[in-house]
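Each remark here refers to the structure printed beneath this line.
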Amino acid sequence: MSPAARVVVRVVGVVALVIGAVWVGQGLGYLPGSFMTGVRFWFWVGLACLLGGLGLLLLARRR
């Protein structure tokens, strides 16, 4: 993987982690003020997004 691709994968991975964490928080009802608050579906979507972001970060670490 080229250095530029590695940077892009890292950035997308971090963004996925942050978005996933927000969605998990909203799905569990910890972040109020959205139609997503308290809806368990968004917890599962956020968890998948978190795991995907983690996978991308691990992929970017491989040589």
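Observations on the structure shown:
- Estimated purely from DSSP H runs of n ≥ 4, each contributing -39500 (n - 2.57), the mean residue ellipticity at 222 nm for the chain is -26000 deg cm²/dmol once divided by its residues.
- Based on C-alpha pairs under 8 angstrom that are at least 6 apart in sequence, the chain has a relative contact order of 41 percent.
- The label point for Phe41 and the one for Arg6, both projected 7 Å from the Cα toward the Cβ, are 4.0 nm apart.
- Relative frequency of Cα-Cα separations exceeding 15 Å in the chain, percent: 50
- Put simply, the amide H of Met36, placed in the peptide plane, has no neighbours under 5 Å, leaving out anything fewer than 5 places away on its chain.
- Phi to ³J(HN,Hα) by Karplus 6.51 cos²θ - 1.76 cosθ + 1.60 over the range 6-15, Hz, x for Gly, Pro: 4, 5, 4, 5, 5, 5, 5, x, 5, 4
Computed from the coordinates by the stated procedures, all read-outs in this text should not be read as laboratory data. For clarity, every value in this text was computed on a predicted model and none was experimentally measured. Ideal geometry is used to build each Cβ from the backbone, glycine not excepted, and the neighbour counts take in all protein chains shown.
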